[in-house]
């Protein structure tokens, strides 16, 4: 699997979420060897749960599958910059690296807004790479919201 | 039910969590009439899920029980100042009011750290009351961590 292949899967999850009427965001968790531990799309509407972001679902599934609460060797691939909730969860799960697609100036909590991982009180700070397949991830979101206006 | 009764239940949940080996934090969600919608204690260890904070579990349970993702009439009672993850979730669930017990200078995300609800990009900001039965909530946490040193 090439370095960026998990982002293609995350984009698939995002597309599937959009087709279900969810905001099209998808996430994948891989281990140090690049194996997929979990994948998920947004399920906020289906679960009546505003915390059911793709990242949260994928992180919980990856840790549950392993029976261990920390994902210290893991990379989280997500099509949109994580919000403050997900950014803090990423730190709590001790994820090694986060690779995200589109930047989110309005709702993001990593490069924008509360910038949760930059707070001095944030214990575990992952490596962060933004902008991978950014235009595709952003186009999905743009089309979704334009269709709803 | 008196105004502060839900905090007594939240403290019960915190004590029960501590007895299970979890960090002793408890939460209760009430509706506008003061009825209990959900109650929960920390389940991080039991679920292998660092996002399984008492607040997250109680909010998810309250919304799931109603089959609606927003809790616009609800009050969240929690024994400890919410962390950045829970603060953002509280905003996403559109909780009307948050009443917390102990302040958390190290891990809190409301009055401390990333101060998530104070970010200009935070759309929904609940009313926040801190320090209710603070000394009891703090004593539970202190005893728990002292016993583990």
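Some observations on this one:
- Take the Cα of residue B:115, go 7 Å toward its beta carbon, and the backbone nitrogen atoms of the stretch A:109-139 under 16 Å from that spot belong to A:113-122.
- Rounded Å value of the spacing that divides the Cα centres of the stretch A:106-133 and the stretch A:1-67: 18
- Peptide B:43-56 has a mean of 5 when you count, residue by residue, the C-beta atoms of other protein chains within 10 Å of its C-beta.
- Globularity index of the protein assembly as shown, i.e. its alpha-carbon radius of gyration over 2.2 N^0.38 Å: 0.96
- Shortest first, residue A:21 label-point distances to identical copies amount to 4.3 nm, with the label point at 7 Å from Cα along Cα→Cβ.
- Chain B: calculated mean residue ellipticity at 222 nm from DSSP helix runs of at least 4, using -39500 (n - 2.57): -11500 deg cm²/dmol
- Among the residues of A:88-100, the average count of other protein chain beta-carbon atoms within 10 Å of the residue beta-carbon is 4.
- Once C-alpha pairs closer than 8 Å and six or more residues apart are averaged by separation and normalised to the residue number of the stretch A:1-119, the relative contact order reads 20 percent.
- At 0.890 mPa s and 25 °C, Stokes D of the stretch A:56-113 from Kirkwood alpha-carbon radius, µm² per second: 213
- Rg followed by Dmax, in Å, when the stretch B:73-149 is reduced to its Cα trace: 12.9, 41
- 7 Å along Cα→Cβ, label-point gaps from residue A:149 to other copies, nm, shortest first: 5.8
- Three-way shape call for the stretch B:1-44 based on the alpha-carbon gyration tensor, with the a/c threshold at 1.5: prolate
- Three-way shape label, the stretch A:1-87, alpha-carbon gyration tensor, a/c 1.5: oblate
- For chain A, the direction-averaged projected area of the alpha-carbon convex hull comes to 8.3 nm².
- Segments A:77-90, A:37-50, B:84-97, B:33-46 sorted - mean Cβ within 10 Å per residue, highest first: A:77-90, B:84-97, A:37-50, B:33-46
- Zone residues, the stretch B:53-83, relative to residue B:134, backbone N less than 18 Å from point 7 Å out along Cα-to-Cβ: B:77-83
- Peptide A:113-123 - average C-beta neighbours from other chains (10 Å radius): 6
Where a number appears in this text, it was derived from the coordinates with a stated rule and is not lab data. Quick caveat, the model's predicted, so the values are computed rather than measured. Positions of Cβ are generated from backbone atoms using ideal geometry, with glycine treated the same way; all protein chains shown enter the neighbour counts.
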